[in-house]
Amino acid sequence: MRLQRRWVGVATTLALAAACAASAQASATPAFDELLQLLAARRHGHVTFTEVQQLAMLDRPLKSSGELLYDAPDRLEKRTLKPKARTLVLEHGVLTARRGQRSYLMELREYPQVAPFVESIRATLAGDRAALERLFRVQFDGTLAHWTLLLVPLDTTLAGAVTDIRIEGERDVIRTVQIRHSDGDRSLLTLGPEIPP
Amino acid sequence: MTRPGAAGLIWALLVIIAAAIVARATYTADLSAFLPRSPSATQRLLIEQLRTGPAARLILVALEGADARTRARLSVQLARQLRSDPRFIAVNNGDAASLERDREFLFRHRYLLSATVTPQRFTVTGLHAAIADSLDLLASPEGALVKPLFTRDPTGETLTILEALGPGPGPRTSEGVWSSRDGARALLIAQTRAAGSDIDAQQAACQAIRRAFAASLATIPAAERRGTALLMSGPPVFAVASRALIKGEVMRLSGLSAALTALLLLCVYRSPPALLLTLVPIASGALAGIAAVALGFDAVHGITLGFGITLIGEAVDYSIYLFIQGAAHWRHSVWPTIRLGVLTSICGFAALLPSAFPGLAQLGLYSVTGLVAAALVTRFVLPGWVPRTLAIRDLSAPGERLARAVQKLRGVRSALVLAPLLAGAALYVHRGTLWNRELSALNPIPAADQALDEQLRAQAGAPDVRYLIVASAPDRESALAAAQTLGARLTPLVAQGVLGGFESPARFLPPLAVQRTRRASLPAAAELSARLQQALAGLPLSATRLQPFLLDVERARTAPALTSADLEGTSLAAAAEGLLARSAGGWSALLPVSAVASADLSGSAVARVRAALAQERSVHAALLDLKDETDRLYSGYLSEAVKLAVAGFGAIMLLLWVALRSLVRVARVVAPLALSVLVVAGLLVALGERLTILHVVGMLLIVAVGSNYALFFDRSSARPRSGSVPLTLASLLVANIATVLTFGVLACSRLPVLADLGSTVAPGTLLALLFSALLARPPAPPDAAPGAS
């Protein structure tokens with residue numbers, strides 16, 4: 001009887017291990033799953049942001065600020081207020097950019113160079129593991145209280161544009177998004193406190 | 001005996017001449033049968049578009065089956081093969097390589113192509129504003145697209161060009177090539193070099209695509225290519241298919257008609273020699289008809305040969321009357337009646353001669369000549385050839401039975417009053433939808449293929465060009481200049497949302513004057529460098545970073561003008577070359593115009609475009625609505641056909657009055673014909689058919705053929721001793737069955753033109769015989785036995 005139970009225990013452990021290995025690539029920790037569930041539970045977000053971009057060809061960084069709005073699961077709006085007003089809306093995979101009177105549409109799937117910039121944030125906010133793993137190799141670090149996601153693009157042809165994206169957060173809130181380009185350029189997006197509705 | 005001999009000699013000579021003409025004639029099966037003979041200015045533009053326009057040279061290709069990766073490999077292979085084939089100007093499949101070539105072209109020539117290249121743009125303030133804008137864009141996610149270009153193009157000219165092109169409802173990309181929205185098909189668009197009207201060349205192009213597909217398929221392992229299929233659509237494919245269809249149908253139907261008629265006559269005559277003799281006038285008539293059309297027109301249309309089957313239906317009647325009613329009565333009794341019948345038929349068909357619709361005019365000439373020839377051969381040649389020993393089955397007995405049956409039926413002829421009432425009611429109920437005024441009513445392409453075409457067009461983002469601005473100019477360069485000028489007028493309309501967009505050859509190939517102005521806007525190197533220093537004040541950028549920009553501008557300043565040779569190898573070549581066409585009076589530039597969202601321009605949008613064109617006095621341009629124009633063309637044919645048919649009917653009445661010299665007798669002949677036409681029209685409409693031009697022609701044919709029947713009844717009642725009533729009845733019935741058989745075969749055709757004709761004439765002539773029999777005055781008393789007149 002005892003022997004039998006032990007065997008069952010070992011078998012279960014093995015099966016579990018195999019399942020975990022199969023389902024997760026590099027982030028088999030339960031905290032990551034928990035994080036994704038937590039993020040997915042959040043339906044709406046509205047925060048301020050500041051962004052600093054360091055481009056090698058520029059003498060000083062470009063700074064901008066504005067508001068970021070999110071509605072689960074696939075609407076993300078970046079409203080830049082300074083230095084110039086412009087809006088960028090990602091909805092159902094279509095990116096609409098509005099500058100002044102003009103607006104431009106692009107289907108994200110047709111612009112793989114642009115996709116990592118917006119999908120990284122949207123998929124993280126949505127807790128959409130499948131979407132993340134479609135574009136990136138995902139590495140989770142830290143704890144639920146303070147976590148880091150390192151996203152490395154899978155598409156090697158795009159590696160020229162984005163080296164990696166590091167998203168840091170606390171529980172269901174993203175704090176910073178840091179993007180490193182292969183040419184050494186960097187950008188840092190810092191999200192501020194929630195704006196009450 | 002000398003006369004028949006002489007007639008036979010003349011006949012043989014004419015047959016040889018006609019055969020020679022027929023052998024040397026050209027035959028077509030293209031659109032020409034449907035295009036007006038003496039077009040108006042707008043119609044000429046339309047015809048040019050239909051024959052040689054860019055839309056007429058577009059082949060849509062879809063690859064189905066297997067998986068997306070295999071389809072993409074096939075697409076790349078296929079495109080590579082077709083691009084090296086001189087039969088195609090351009091082959092687009094959205095693959096990275098060709099996209100890259102296009103981008104490279106636009107980037108390299110940006111200072112000649114961008115509309116924002118003006119002197120103002122290169123002042124200190126202009127440069128400052130443009131560079132600040134670009135920096136702004138650089139900071140956004142789309143910045144990833146412009147960043148690699150920034151140091152060479154800090155004023156964002158490439159983006160200006162791309163914006164002018166619009167996002168375009170271009171196809172989706174899957175595995176690196178164009179695919180349908182659902183991702184189940186890979187898509188390619190090929191533009192042929194040959195004009196759309198050159199069907200031989202289009203057929204060769206279609207075959208080249210099929211061969212290239214087969215060759216591409218062979219490079220892929222059998223397991224991976226499972227279920228792959230090639231779909232093709234577009235005007236060239238349709239033109240080739242219609243030609244094959246017309247050819248096949250004409251061969252099949254005339255063969256079937258001839259076989260059925262021969263079978264019928266063999267059953268009736270029970271004499272193979274009589275059957276052979278019957279074929280002589282028919283064959284002579286057909287030969288004469290084709291020869292006449294070959295002489296009267298540039299080319300004999302395949303459709304005309306299809307109509308030619310109708311000749312079998314009527315020409316066979318003459319010899320039937322000869323054989324059944326007997327040679328004894330032939331010259332004095334039967335022939336005069338036939339002669340009048342032939343004359344009435346000629347009146348009917350001759351009415352078609354002046355038609356602007358070449359298809360109808362050819363039909364008219366063919367039939368008039370064919371009938372005259374058949375009748376003359378029956379009258380002068382055939383009797384001399386009939387051997388004395390020729391014995392055909394005696395039809396007196398069945399004829400007697402027929403006469404008694406007719407007698408019985410006459411008892412209930414008062415019920416005939418109902419026929420016009422019912423037919424009239426049907427016509428009245430459907431009066432709103434009586435006519436089909438769209439040319440598509442005559443389109444031989446099956447609805448399923450048309451639906452596939454529509455689907456592929458939507459998926460490929462290559463909507464059917466419906467609105468087209470045609471600007472004419474004496475030479476190529478001024479045509480480009482006209483396109484440029486009109487583009488400036490149309491751009492505000494796009495901005496105001498009146499138009500969805502437009503295409504112009506000047507976009508990729510600006511006129512030389514514009515290129516000169518743009519080049520003159522670029523400052524010399526030293527000057528630009530100095531201005532750039534000042535312009536960068538306050539921007540996070542130093543001029544040393546923008547050395548590539550200075551170099552590129554200097555290169556553009558000294559580069560030679562852009563010519564169509566520079567476009568070669570890009571997919572833009574099709575857009576530029578296809579929109580420039582040599583026309584009768586010089587050159588024309590074509591600017592396809594698209595509506596916002598839907599495919600149709602509103603009336604007010606059309607008016608505003610026309611107003612904008614009218615304002616531009618320096619350019620001779622017109623907005624062409626291809627669908628509207630073709631429908632108007634057809635609608636014109638339709639009302640013309642109605643008028644001609646009425647005129648033909650009038651001519652027949654006049655002829656009958658001259659021949660019969662009695663209004664009552666004319667009325668007795670005409671009444672059953674008019675009644676048949678009315679009832680057939682009522683029947684067709686009641687069955688949900690909408691009447692087309694061919695129905696109208698069919699009604700004219702009912703009168704032409706039916707008049708023969710009515711005249712024989714008239715003869716029987718007016719001159720009771722002119723021949724055997726039972727034999728006359730029998731011959732009429734046999735003649736009618738032959739007619740119904742031939743036209744019944746036509747009614748089964750897959751070509752709408754032939755089917756419409758058949759479905760009108762087959763029931764119409766049957767009714768004409770029936771009504772003629774019922775409405776004729778009682779025949780001579782039975783004691784008026786058959787005898788010499």
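The values are calculated or read from the model by the stated rules, or taken from the named source; none is laboratory data. All figures in this text were calculated on a predicted structure; none of them were measured in a lab. Heads up, the Cβs are rebuilt from the backbone with ideal geometry, glycines too, and the neighbour counts pull from every protein chain shown. Just the protein is used for accessible areas: all its heavy atoms, side chains included, with ligands, DNA and RNA removed. Shrake-Rupley method; radii C 1.70, N 1.55, O 1.52, S 1.80 Å.
Quick notes on this structure:
- When residues of the range A:119-131 are limited to those that are of a type in the set (D, E, K, R) and part of a helix (DSSP H, G or I), the one nearest to residue A:29 (Cα to Cα): A:129
- For the residues B:141, B:119, the requirement of being over 30 Å from residue B:594 (Cα atoms) and either more than 12 Å from chain A (Cβ to nearest Cβ) or among the acidic types (Asp, Glu) (or both) singles out B:119.
- Conditions (1) surrounded by fewer than 21 Cβ atoms within 10 Å (Cβ to Cβ); (2) away from chain B (no Cβ under 11 Å): number failed by residue A:68: (1)
- Selection status of residue B:545, open to solvent by 20 Å² or more (accessible area, probe 1.4 Å), part of a helix (DSSP H, G or I) and either in contact with a Phe, Trp or Tyr (Cβ under 6 Å, 6 or more places away or on another chain) or in contact (Cβ under 8 Å) with a residue 12 or more places away in the chain (or both): yes
- Taking the criterion of being surrounded by fewer than 18 Cβ atoms within 10 Å (Cβ to Cβ) and either in a helix (DSSP H, G or I) or touching a Ser or Thr at 6+ places or on another chain (Cβ under 7 Å) (or both), the only residue of the range B:173-188 that qualifies is B:183.
- Verdict on residue B:117 being of a type outside the set (Phe, Trp, Tyr), open to solvent by less than 10 Å² (accessible area, probe 1.4 Å) and farther than 17 Å from residue B:189 by Cβ: yes
- Of all residues in the range B:684-695, those being outside any loop (DSSP other than H, G, I, E, B) and under 20 Å from residue B:646 (Cα atoms) number 6.
- Verdict on residue B:103 being surrounded by fewer than 18 Cβ atoms within 10 Å (Cβ to Cβ), assigned to a helix (DSSP H, G or I), within 25 Å of the chain's Cα centre (by Cα) and of a type outside the set (Val, Ile, Thr): no
- The one condition in (1) part of a strand (DSSP E or B); (2) within 12 Å of chain B (Cβ to nearest Cβ); (3) closer than 16 Å to residue A:178 by Cα that residue A:116 fails to fulfil: (1)
- Selected residue (criterion: nearest to the other protein chains (Cβ to nearest Cβ)) from residues of the range A:32-43 that are in contact with a Gly (Cβ under 9 Å, 6 or more places away or on another chain) and hydrophobic (A, V, I, L, M, F, W, C): A:39
- Selection status of residue B:538, within 14 Å of chain A (Cβ to nearest Cβ) and on the phi > 0 side of the Ramachandran plot: yes
- Meets criteria (open to solvent by 10 Å² or more (accessible area, probe 1.4 Å) and within 19 Å of residue B:642 (Cα to Cα)) for residue B:729: no
- Residues (among the aromatic types (Phe, Trp, Tyr) and either assigned to a strand (DSSP E or B) or surrounded by fewer than 16 Cβ atoms within 10 Å (Cβ to Cβ) (or both)) located in the range A:30-43: none
- Top-ranked residue of the range B:255-273 - restricted to ones that are open to solvent by 40 Å² or more (accessible area, probe 1.4 Å) and either acidic (Asp, Glu) or in contact with a helix residue (DSSP H, G or I) (Cβ under 6 Å, 6 or more places away or on another chain) (or both), ranked as farthest from residue B:68 (Cα to Cα): B:266
- Here is the figure for the range B:144-159: residues that are more than 10 Å from chain A (Cβ to nearest Cβ), open to solvent by 20 Å² or more (accessible area, probe 1.4 Å) and part of a helix (DSSP H, G or I) total 2.
- Qualifying residue in the range B:210-220 (condition: open to solvent by 50 Å² or more (accessible area, probe 1.4 Å), more than 30 Å from residue B:239 (Cα to Cα) and aliphatic (A, V, I, L, M)): no
- Within the range B:503-520, the only residue that satisfies the criterion of being out of contact with any strand residue (DSSP E or B) (no Cβ under 8 Å at 6 or more places or on another chain), crowded, with 19+ Cβ neighbours inside 10 Å and among the polar types (S, T, N, Q) is B:515.
- Test: residue in the range A:132-146 that is within 14 Å of chain B (Cβ to nearest Cβ), touching a residue at least 12 places away in the same chain (Cβ under 8 Å), assigned to a strand (DSSP E or B) and not charged (D, E, K, R): no
- Flag if residue B:54 is of a type outside the set (Val, Ile, Thr), farther than 27 Å from residue B:221 by Cα and without any contact (Cβ under 8 Å) to a residue 40 or more places away in the chain: no
- Meets criteria (on the phi > 0 side of the Ramachandran plot and either open to solvent by less than 40 Å² (accessible area, probe 1.4 Å) or basic (Lys, Arg) (or both)) for residue B:586: yes
- Test: residue B:473 is under 18 Å from the mean Cα position of the chain (by Cα), hydrophobic (A, V, I, L, M, F, W, C) and not assigned by TED's automatic domain parsing to the domain that holds residue B:751: no
- Some residue of the range A:91-102 being facing another protein chain (nearest Cβ under 7 Å), modelled with pLDDT of 85 or more and open to solvent by 60 Å² or more (accessible area, probe 1.4 Å): no
- Residue count for the range A:44-63 under the criterion of being open to solvent by less than 50 Å² (accessible area, probe 1.4 Å), within 14 Å of chain B (Cβ to nearest Cβ) and in contact with a helix residue (DSSP H, G or I) (Cβ under 9 Å, 6 or more places away or on another chain): the result is 5.
- The conditions of being open to solvent by 10 Å² or more (accessible area, probe 1.4 Å), within 18 Å of residue B:419 (Cβ to Cβ), part of a helix (DSSP H, G or I) and not small (Gly, Ala, Ser) are not met by residue B:741.
- If the condition is being assigned to a loop (DSSP other than H, G, I, E, B) and either out of contact with any strand residue (DSSP E or B) (no Cβ under 9 Å at 6 or more places or on another chain) or more than 9 Å from chain B (Cβ to nearest Cβ) (or both), then the range A:71-88 contributes A:72, A:73, A:74, A:85.
- Residue that is nearest to residue B:389 (Cα to Cα), among those in the range B:327-361 that are aliphatic (A, V, I, L, M) and open to solvent by 40 Å² or more (accessible area, probe 1.4 Å): B:327
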